[in-house]
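So the structure is just underneath, and the comments pick up after that.
The values are calculated or read from the model by the stated rules, or taken from the named source; none is laboratory data. Note that the coordinates shown come from a computational prediction; the quantities given were computed from them, not determined experimentally. Quick reminder, even Gly has a Cβ in these numbers, built from the backbone with ideal geometry, and neighbours come from all protein chains shown.
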Amino acid sequence: MPGATTASAAAAGGPVVSVSYVGFFENGTVFDTNVRSAAEKNNLSLTRPFEPLNFTLGAGQMIPGFEDAVALMAVGAEKTIRLAPEEAYGEWSPELLVNVSRKNLEDANVTVETGAWVYTSQGGAGRITYFDAANATVDFNSPLAGKTLYFNVTLLAKN
């Protein structure tokens with residue numbers, strides 16, 4: 001999950017913050033949370049741990065707009081944050097669509113089907129959006145690229 005906090009803050013040992021959050025789209029659909037009750041209410045997977053999200057302000061661990069908003073909050077404060085795509089995962093880019101040989105995917109033990117995840121040795125991840133007998137198209141855009149995101153955030157601690 002990006003203003004006022006910069007990389008220099010991290011170099012100076014920026015504070016570690018702890019937050020609870022519910023991420024949702026404008027229509028109210030919840031896409032991510034670390035609050036069990038919100039996950040249950042919205043039929044999200046319950047297999048992950050539901051615990052506070054901890055990160056260092058200024059370290060670039062979170063999307064820019066999220067980090068910037070949290071940096072301005074007081075402990076105990078609750079806030080709804082609206083992030084335009086450029087403050088979150090960026091705009092969707094056709095340049096991140098990559099055509100790959102189906103044989104190369106199969107040789108890497110990837111099940112070639114629409115929606116299957118492909119992981120690169122450089123740490124990238126994309127989803128197969130199309131395939132035929134010879135090739136597949138892999139979309140390396142974040143599934144949240146191009147979307148305006150909303151977060152209900154509570155700042156639990158700042159050390």
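Laid out as a table, the results:
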| quantity | calculated |
| --- | --- |
| Qualifying residues in region 45-94 (those that are of a type in the set (Gly, Ala, Ser) and in contact with a strand residue (DSSP E or B) (Cβ under 6 Å, 6 or more places away or on another chain)) - the one surrounded by the fewest Cβ atoms within 10 Å (Cβ to Cβ) | 77 |
| Selection status of residue 59, within 16 Å of residue 151 (Cβ to Cβ) and not assigned by TED's automatic domain parsing to the domain that holds residue 132 | no |
| Close pairs from region 102-128: first acidic (Asp, Glu), partner not in a helix (DSSP H, G or I), Cβ under 7 Å, at least 6 apart | 106/112; 113/128 |
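One line per residue, one yes/no per condition, for (1) farther than 30 Å from residue 71 by Cβ; (2) surrounded by fewer than 17 Cβ atoms within 10 Å (Cβ to Cβ):
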{"site": "98", "(1), (2)": "yes, yes"}
{"site": "115", "(1), (2)": "yes, yes"}
{"site": "127", "(1), (2)": "yes, yes"}
{"site": "132", "(1), (2)": "yes, yes"}
{"site": "143", "(1), (2)": "no, yes"}
{"site": "154", "(1), (2)": "no, no"}
